[in-house]
Amino acid sequence: MEKLKDKKTCVEFIFKIVYVAIALTSTIISFAILNKTESGEVRSPLMFYTNWSVWFVTITAVLSLIVTIFAIFKNKNIDNDVIEMLKFASLIMIIATFIISAFVLPDKIWKSGYWTLSSVFKHFLLPIFTVVDFLLYTRRGTLRMYFPFTALVVPFIYWVIIIVRFLIKRANSGGAIPEDLWPFYYPYGFTNIDNGHSLGFLLGLIAGIVVGLIGIGYALYFLKRNKKTDVEEIEA
C-alpha cells in the first residue's frame, strides 16, 4: 500500500477508474441504445465493429485496473506479456474505430444526428482515454515486436464473419441480397456490395486499413521500446 502514498500512483489509479467507468458506460450503451433501421427494426449489436472494439477495450481496461490494484498492494510493478498484448490489441482496435469514423465515414461527423451519447462515448471519449492510458501508463520495454500482428486477430475474425455471412446470404438469394434486408447484413455503407461497391473494393479498403494499423502499431511499439529488450528478443 506504500505506492498509494506516491502522487503519480494515485493519479494513475484515479485515471484508470475513470477510464473503466467510460468503458463500462460505452459497453452498456452498445446494448441499451439499439441501432434501428429506418422502419424501426432492431439490428444486432454484434454486427458492428465499433461494438466489438468497445467490448474488447472494456475487458482489457478492467484487467488493467485489477493489475494496478495488485501492484499497489504488492508495492511493485507487475508486467505480464498476455495482459500487455491484450491492452495493445484493444488500443489498435479502438484506433481503427476512430479512423473509420473520422476518415472512412467523414460525412456522418458533420450531421447533427451523429453526435449522440452513444457516438460520443464509443467513437471519441473511449478512443481518447485508451490512447492516453497507453501513452502515460505503458512502461517502456513491456511491448513485444509481434504485438502489432496479434492485435489484428479479433478484427480479422470480425471481418471474416461479416463477409462470409453476407456472401452466403447473397448465394442463397440469387446473387444479391434484397434491399429490405441490407441493414441486417451490411453493417456499414462501404460494406454493401449490392449498392455500388464491389467485393474487391471492400477487401482493398480493409487491406489498406490493415497496413495502416500495422504501421501505427509499430510506430507505437518503437515509441515505447527498450533497446535492451529489442536485443533480447532478437537473440531469443
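The values are calculated or read from the model by the stated rules, or taken from the named source; none is laboratory data. All values reported here derive from a predicted model rather than from experimental measurement. Methodologically, a virtual Cβ is constructed for each residue, glycine included, from the backbone with ideal geometry; neighbour enumeration extends over all protein chains shown. SASA here: full protein model, heavy atoms, side chains in, ligands and nucleic acids out. Shrake-Rupley method; radii C 1.70, N 1.55, O 1.52, S 1.80 Å.
Residues whose amide H lies under 5 Å from that of residue 35, counting only those 5 or more places away or on a different chain, are 43; hydrogens are built 1.01 Å from N in the peptide plane. Shown are 129, 156, whose ranking by accessible area with a 1.4 Å probe and every protein chain present, most to least, is 156, 129.
The residue list 145, 134, 188 was ranked by how far each Cα lies along the charge dipole of region 133-197 toward its positive end, using unit charges on Cβ atoms, and 145 comes out on top. In a DSSP loop and with at most 12 other Cβ atoms within 10 Å, the trypsin sites (Lys or Arg not before Pro) in region 120-211 are 139, 140.
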